[in-house]
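What follows draws every value from the coordinates through simple rules; no lab data is involved. Computed from a predicted structure; not experimentally measured. Cβ sites come from the backbone with ideal geometry, for glycine too, and all protein chains shown count toward neighbours.
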Amino acid sequence: MSVVVLLIVASLAVGLVFLVAFIWSVRSGQYEDTLTPAMRVLLDDAPVPTHLPTAGGDAARSPAPEKQKRGR
Amino acid sequence: MSEKTQDTQTTSAAATRAAGGCFHCGEPCPDDSFALAGRSFCCFGCQTVFSLLQENGLEQFYALNSAPGTRIRTVSAAARWAFLDDPAVAEQLLDFADQTRARVTLHLPAIHCVACVWLLENLFKLHPGIGKVLVNFSRREAAITFAPAQIKFSELAALLAAIGYEPLLTLGETGKAKPASAARKNWLQIGIAAFGFGNIMLMSLPFYFGLDSFNGPWFKWLAGWLSLAMTLPVVVFSAGDFWRAAWFSLRQRAITLEVPIVMGLAAIYLTSVWQVVSHQGPGYCDSLCGLIFFLLCGRLFQKKTYDRLTFDRDYQGFFPLSVVRKTPAGEECVAISRLQVGDRIILRNGELLPADGRLVGGEACIDYSFVTGESEPVACAAGQHLYAGGRQVGGMIEVATVKPVAQSYLATLWNHEAFRKNRDNDLDSLTNRYSRRFTRLVIGVALAAGVFWMFRDAGKALKVFTSVLIVACPCALALAAPLTHGTAQRILARLKIFLKNALVVERMAEVDTIVLDKTGTLTTADARGVQFIGSGKISAAQAGWIGSLARDSTHPNSVRITKSLSFAPLPVTGFRETPGAGIEGEVSGHKILLGSRTWVAGRAGIAEPGSRAACVRSSAAGTGLAATRGGATANPLRAEAAGDAAGSVWVAMDGEICGAFALQNTLRPEVAELIAQLGGRFELALLSGDNEREAARFQKLFGDRAVLKFNQSPADKLNFIRELQQRGRKVMMVGDGLNDAGALRQADVGVAVVEQIGVFSPASDVILDAAELPRLARVLAFSRRAARVVRTGFVISALYNLAGVSIAAAGFLSPIVCAILMPVSSVSVVIFACGATTWAARRGGLRPHPEPALAA
C-alpha cells in the first residue's frame, strides 16, 4: 500500500520540478520573443561582451535555451 | 513578415552579386571607382561601412548572407541626433539609466536578416562604450546597453545610422510601458492549468476503472484532497480572467459567454468539494482543470497580435521626434515636446510641420495630402497660417509656431468622440448574442430537472441540478468563435492582410456599405504613371544618363523616374541636389539637369518664359512641351486641363531642354474589376479630399447609384460615415493616410491601405498591403463564410450539450462520463472550426503566397 503513496509523491515531485522550470522560463522572458533565438542558433560565436555589466531588467538577460517542457 | 522592399532588395542582391553587384548592399555598381580588398562597392557609403566592419573584425557579417547591407543614401549629420542628449528626451526613451550604464530599446526598421541580428549583437566590437545588444527580430528592435560616460546617446544613434540601421524615433512610440507582463501571465495561467490537468487525471484514472476498492478508502480520501489542492490555483489564478469578465458583464447588466462558463466552474468545484468532504468520491477536478486548460488554449489562439504593426496610432506617431529650431546662437535640434509657441522652426524639403504656425520666410509650397487628401501642394505667402501635418515641398522655410503641438489642427481630430469610445468591447458579438439565450435555457433546464427530481427522489434533486450546470458549461461553445476567427486571421495574415483582432472577422461579415478613399487608396503614384513628353522619344543611352542621375536622389519623383526607366547604371560625377528644385550631374560626359521648370531653365541658361512656377510639383500636364525646346516662349503650364497630372519633372541635357516627365496618379491595377465585384453586393461611396476634376471618370467607374463626394475634409468624412451608420448601415471604410483617420475610426471596419507593411498607418482595424486590394471582395466573402462556420460550430456544441444535459437531467452523470464528454466535444469543435475555415479560404480563392512568411 505504502508504495502507492511513494509513487504519488515521486510523480508529483517530478511534475513540480517541471512546473517550476516552466514558471522560471516564462518569468525570464523566454516566451517574449520566439523568433530571434531560432536565428541566433545559426550564429557561431554568441556575443559575450564582458567589459560592461548588463543593465537591469529581464530583456537583457542571456539568450535562453529551448522551451522547457510543461508540467505533465 | 519581411518588408517588401527588403525582400526585393535581398533577392535582387543575390541575383546581382554574380554580376558584380555591390559587395555590401548588392545594388549594381556603376564602375570600379569604389573598390577595397578586391571587392567593389556601389557608393562611398557602402565602402565605408565595409571598411569599418573589416577593421573591427566583423567580416563574418558578409558570410551570413549575400550582400546583407542596406544602401546608405543620405549620410545624416551627427548633429541630427543631438536632441537625444537632452535629459528630458533621454528620460522618455531610455528603459533604464544609472551613473555607469543605460539601456535603450530602439526600433530599427532596417533589420531584415540573420546577418543584421549578428552584426547588431556584435556592436560592442565597434565601440568600447557599447555593452550587450539583444535583438528582437519580429519587432525590429534592439535593446542596447551602453555606458553614457563613454558613448553619448546621440553618438550611439549616429553610429547605428552610419552602419545602415537608422533608429526610427517618433513621439507616439516613446515613453510607453511595454505590455510584456500580460503575455507572461497568460503563459503562466496555461502552464498551471496544464499541470493541474495532467496530475489530477493521473490520480483519477484508478476511479475510472473502479480500482479504488483495491486501494482502500484512504486512497480515495488522499486523491480527493490532493486534487482539490491542485485545482484551487487553477480555478483562482488560471481562470481568474473569466471570473473578472463575468463579474464585469453582470455589473453592466449583460450576459456574456463568461457568465455560463463561471456558473459551470463554480458548480463543478463546489460539487467536487462536497463529494470529497462527504467521502462520496473524488469529484470532477480532472474535468474542471481540462476545461480551463482548453479554454485558455482557445484564448491564446485568438489573441494573435502582430508585433510589427500598430493599430492604435494617434497623430503623434506620424510626427518626427525632433525639429530644427532657430535661435540667436544658430540652429539646434530640439525635441517636439519642448517646442513652445513662438519658436522659429526651420523646415526643409519633405519635412513635416508638427504644429500650426505662420510662415516667416522662404518660398513655402505645402503638401497637405497627409491631412486633407488633396494631392496638389499649395503655394503660401509669408505671414500665411500653416496647418500642422503639412509637408514642405521645395526649399527651406522658416515658420513661427502659433499653437502647441497638442492643440494643432491635426490634433483636434483626435479629440473627436469617435476616438474616445472603446471599440473592442464585444458585448454584441455573435457568441454573446447566442450565449444570452443559452444561459437562460440552461438555468431553466437545471431548475426544471431539479424540481422534477424533488418530487421523485428528493435526495437526488441537488445532484441533478448541479450536474446539468456542470455538463452545460459551454466549453465547446466558447471555443467555436475564437478558433474560427483566429484561423481566419492567420490565413489573412499570410495574404498580407492584418487584422487588429479576431473579432474583426465577425464585423467584416456584417458589412453592407463600403466607402473608399481616392488618392492613395484607389489611385497610386508609381512608375506606371510616368510618361516622357518631349520633342521625341528618349533613346536608350539618354535613359541611362537620366536614370543614373535620378538613382542617386531619394526624392519621390526621382525614385519614380528611376523605376520607370530600364537602364544599366553609369557613374555620375558632380552630383548636386538643390532641395525643392532639382538635381544635376555629369554622366558619360553629358551634363544632365532634372527638376522644376524654373530651375532647369535657369540652370541651363535659358530665359524663364514668364510664368511663376514655384512648386516643383506644380500642375503641368506637359502638353506642348516641344514648343519650349531651345527656350521658346510658349507657356506649357497653362495646359492644366489634361487629366490628373501630379506634377512634372523637366529634363535638360547639355544645356538644352528636351522635354519633361509627366507624373500622374494612376488607378491601381484591377481596381475597376474590384469595384464591379463589390458593386453587386454592397452600397459603394467614394470620398476624396481632392477636387472634382475626376468626378466624371469615377462616376462611370462606380456606376450611377454610388455617392461620390469631393473636397472632403477629415471631419466631413467622419460625419459622412456616421450618417450612414445612423441609417442602420454597417460601414467599411477603406482609406490611407491621416486624412482618413477619423473615418477609419468611426467606421464599423476601418481598412488602412499601405504600400509597405510595417511603416506608419493610421489607426484602423485592418492593415492591408496595397497589392492585395483587388482581393477585398474575396476577403469579405470569406469573412461571411467564417461567420457561417461559427454558427455551425454553435450547432455542434449545442448537440453535445443536449446529449450531456439529457444524461445529467436523468441523474446518470458520473465523473467518467464527464471526463470523456468534455474533451471530446471541445476537440471536435476545434477540429471542425480550423478545418472548415481553412476549407472556406481555399474555396474562396484565398491561397497563401508561395513563399513562407519569415516573421508574422
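Things worth noting here:
- Counted by neighbouring Cβ atoms within 10 Å, the residues B:Met454, B:Met201 run from fewest to most as B:Met454, B:Met201.
- Long pairs among B:Lys496/B:Lys709; B:Lys152/B:Lys303; B:Lys518/B:Lys730; B:Lys326/B:Lys563; B:Lys185/B:Lys518; B:Lys152/B:Lys591, criterion Cα-Cα beyond 32 Å: B:Lys152/B:Lys303; B:Lys326/B:Lys563; B:Lys185/B:Lys518; B:Lys152/B:Lys591
- Computed label-point distance, nm, for sites B:Arg494 and B:Asp704 using a 7 Å Cα→Cβ extension: 4.5
- Proximity of backbone amide H atoms, modeled 1.01 Å from N, is registered between B:Ala355 and B:Gly389 at under 5 Å, excluding neighbours fewer than 5 places apart on the same chain.
- Model label sites at B:Gln92 and B:Arg244, defined 7 Å from Cα along the beta-carbon direction, differ in position by 2.9 nm.
- Karplus-based coupling profile of the stretch B:557-573, in residue order and whole Hz: 5, 5, 4, 5, 5, 4, 5, 7, 9, 9, 7, 9, x, 10, x, 10, 10, with θ = phi - 60° in 6.51 cos²θ - 1.76 cosθ + 1.60 and x standing for Gly or Pro.
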